[in-house]
1. Order these by the 10 Å Cβ neighbour count, fewest first: 141, 79, 148.
2. With a 10 Å Cβ neighbour count serving as the proxy for reagent exposure, in which order, fewest first, do 101, 162 appear?
3. Can you find, among 156, 145, 135, the residue farthest towards the positive end of the dipole of segment 125-168? Put +1 on the C-beta of Lys and Arg, -1 on that of Asp and Glu.
4. Among 130, 107, 209, which comes first, then next, by fewest other beta-carbon atoms within 10 Å?
5. May I ask for the net charge around residue 156, where only other residues with Cβ less than 12 Å from the Cβ of residue 156 are counted and Lys, Arg are +1 while Asp, Glu are -1?
6. Return the ratio Rg/(2.2 N^0.38 Å) for segment 60-219, where Rg is computed over Cα atoms only.
7. Quick one: Kirkwood hydrodynamic radius for segment 135-221, alpha-carbon pairs, angstrom, one decimal?
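Taken together, the values in this text are just the output of simple stated rules run on the coordinates, not laboratory data. Every value quoted in this text rests on a predicted model; they were computed, and no experiment measured them. Heads up, the Cβs are rebuilt from the backbone with ideal geometry, glycines too, and the neighbour counts pull from every protein chain shown.
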Amino acid sequence: MKAGWRGGLAVAVAATMLGACHGKETDEVLAGLRADNERLRSEIAALRVENAVLVDDVGPKWAATVSLERAGGGNGRVMYRRECPAGQALKGFATRSGSVIDALWPVCAPVMVVPGAKGTRALERELAVVGGRGGKPGETMCPGTSVMTGLRGKAAEVVDAIEVVCDGGKRGARVGGEGGRDYERECPPGWVAVGITGRHGDYVESLSVTCAEAGAGRRATVEKAPVEMRRAPVVRLEHELPAEDEGQRRGEPEGDEP
């Protein structure tokens, strides 16, 4: 009798433990599905932002560009591309960072000083953000009227730190952390940095500098609307000269007067 009672208790305990295990596994599966769902929502939102950037990017393009070697990893959720319009180059970046680069906003400025312009900040334009929402605000900008010709910093799986390299041997402030490996990228001589490409998610995962020849902005091809050709109106003089007779128009000699 005792043996039967003990056997029944063991079966009940085993059933309870099995049910608890199944319940725990179910909770873990549901938690994983919720996390995946949230990640997909985040990716869809990021893709919508990138699509809006591409739709709005209708300005004149640089005639020819080259991309430098990428810094950082390749696991970012969404690809991005930011490029200044023809005639403008990168001045630097507004940033949010901590131990890594959380987000950055590329800032463009005219390659040539516009006559009559007061200062340079009024001529600058900020492109759409790349990255997430964390970090503290900062910036790395080329001083004065100089523009970017390269980029240096630290990177590994993500971009840890950036520092702009400018024409005339100048540099901007370094922002970000101390992790990762050193990198330095320079545009060819006579070229300037005009954009960036890479991958991003919650951080700036990777970054590649896009360069263009400094004088090519003026040679960029801009598609123009067709122009309607109109015939110029005929204007008659107030006192017209007498018309030549048919013989004079044929070059015949004039006859003797009677």
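1. Numbers: 141 21, 79 14, 148 32.
The order, fewest Cβ neighbours first, is 79, 141, 148.
2. If I rank by nearby Cβ atoms, fewest first, I get 162, 101.
3. 135
4. Working: 130 29, 107 23, 209 26.
The order, fewest Cβ neighbours first, is 107, 209, 130.
5. Details: positive: 154, 181; negative: 157, 160, 178, 182, 205.
Around residue 156, the surrounding residues sum to -3.
6. Details: Rg = 14.5 Å, N = 160, 2.2 N^0.38 = 15.1 Å.
The value comes to 0.96.
7. Values: mean 1/r = 0.0727 Å⁻¹.
Result for segment 135-221 stands at 13.8 Å.
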